[in-house]
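The values are calculated or read from the model by the stated rules, or taken from the named source; none is laboratory data. Being a predicted model, the structure only gives us computed values, none of them experimental. All Cβ positions, even for glycine, are placed from backbone atoms using ideal geometry, and neighbour counts span all protein chains on display. What goes into the accessible areas is simple: the full protein's heavy atoms, side chains included, and nothing from ligands, DNA or RNA. Shrake-Rupley method; radii C 1.70, N 1.55, O 1.52, S 1.80 Å.
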Amino acid sequence: MQKVALIPLTCLLFGASLTCQAKQQDSNFWQTPTVHDYGRIHYLPNSAFKPDAHQQYKIVFALNQGAEKPDQVNQALDHVARTVNLYVASGVPLKNLHFVAVAYGKATPLVLRDEEYRKKFGVANPNLPLIDALKKAGVTVSVCGQAVAEHQFDYGWIDEHVTLALSALTTITTLEQQGYSLMML
């Protein structure tokens, strides 16, 4: 008797799952309104805790995870793009976003010029177009100078769109003293 009741419930859940998957395949479901092709979002206009369009937002992103594969965009960096897209979709103008991303630890290689990245990983640096797009959106992408040294990278290997910081430690604490919120990615 219990098995018979489970079959309709299983079918209902499976059908809902297929509907959800179909919506996610829809090109309008995921959007990248500002940082195009990166940081995809599904905007929820009636959701709670939406940003105030008139407020200034100061966030320092601590990027310390590496990409799963060298030919993939670093997920932490992509989440910075997602954050920009979410705030702008909520009506916050770019001029009200003061975002700094600092790469260190396993994320350090994402800042390498293409030539150096190719030498190390055998593929083009997939993060450079995203770094350029973030810069155009007003985001400062920086790298910990201490992590560059620890990875035995030459400072000349850093892409021109990346800011060399003394360290992630001093960047984060200095910006927190200036009112930035810390977001660990």
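Taking the criterion of being in a helix (DSSP H, G or I), in contact with a Phe, Trp or Tyr (Cβ under 7 Å, 6 or more places away or on another chain) and under 25 Å from residue 49 (Cβ atoms), would at least one residue in the stretch 88-110 satisfy it? Checked the stretch 88-110: at least one residue is in a helix (DSSP H, G or I), in contact with a Phe, Trp or Tyr (Cβ under 7 Å, 6 or more places away or on another chain) and under 25 Å from residue 49 (Cβ atoms). The residue that is most open to solvent (accessible area, probe 1.4 Å), counting only those in the stretch 149-173 that are under 14 Å from residue 102 (Cα atoms) and in a helix (DSSP H, G or I), is 169.
Of the residues making up the stretch 61-79, those that are touching a residue at least 24 places away in the same chain (Cβ under 8 Å) and part of a loop (DSSP other than H, G, I, E, B) are 64, 65, 66, 67, 70, 71, 72, 73, 74.
Within the stretch 128-148, being free of Cβ contacts under 8 Å to residues at least 60 places away in the same chain, open to solvent by less than 30 Å² (accessible area, probe 1.4 Å) and either in a loop (DSSP other than H, G, I, E, B) or among the polar types (S, T, N, Q) (or both) holds for 139, 142. Taken over the stretch 89-113, the criterion of being over 22 Å from residue 155 (Cα atoms) and surrounded by fewer than 21 Cβ atoms within 10 Å (Cβ to Cβ) is satisfied by 89, 90, 91, 92, 93, 94, 95, 96, 97, 98. Can we say residue 37 is out of contact with any strand residue (DSSP E or B) (no Cβ under 9 Å at 6 or more places or on another chain) and in a helix (DSSP H, G or I)? Answer is no for this residue.
Among the residues of the stretch 81-91, write down those that are closer than 17 Å to residue 180 by Cα and β-branched (Val, Ile, Thr). Once the filter is applied, which keeps residues that are closer than 17 Å to residue 180 by Cα and β-branched (Val, Ile, Thr), the stretch 81-91 yields 83, 84.
For every residue, the table says whether it meets (1) surrounded by fewer than 11 Cβ atoms within 10 Å (Cβ to Cβ); (2) more than 21 Å from residue 180 (Cα to Cα).
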{"residue": "34", "(1), (2)": "no, yes"}
{"residue": "45", "(1), (2)": "yes, yes"}
{"residue": "48", "(1), (2)": "yes, yes"}
{"residue": "58", "(1), (2)": "no, no"}
{"residue": "62", "(1), (2)": "no, no"}
{"residue": "66", "(1), (2)": "no, yes"}
{"residue": "71", "(1), (2)": "no, yes"}
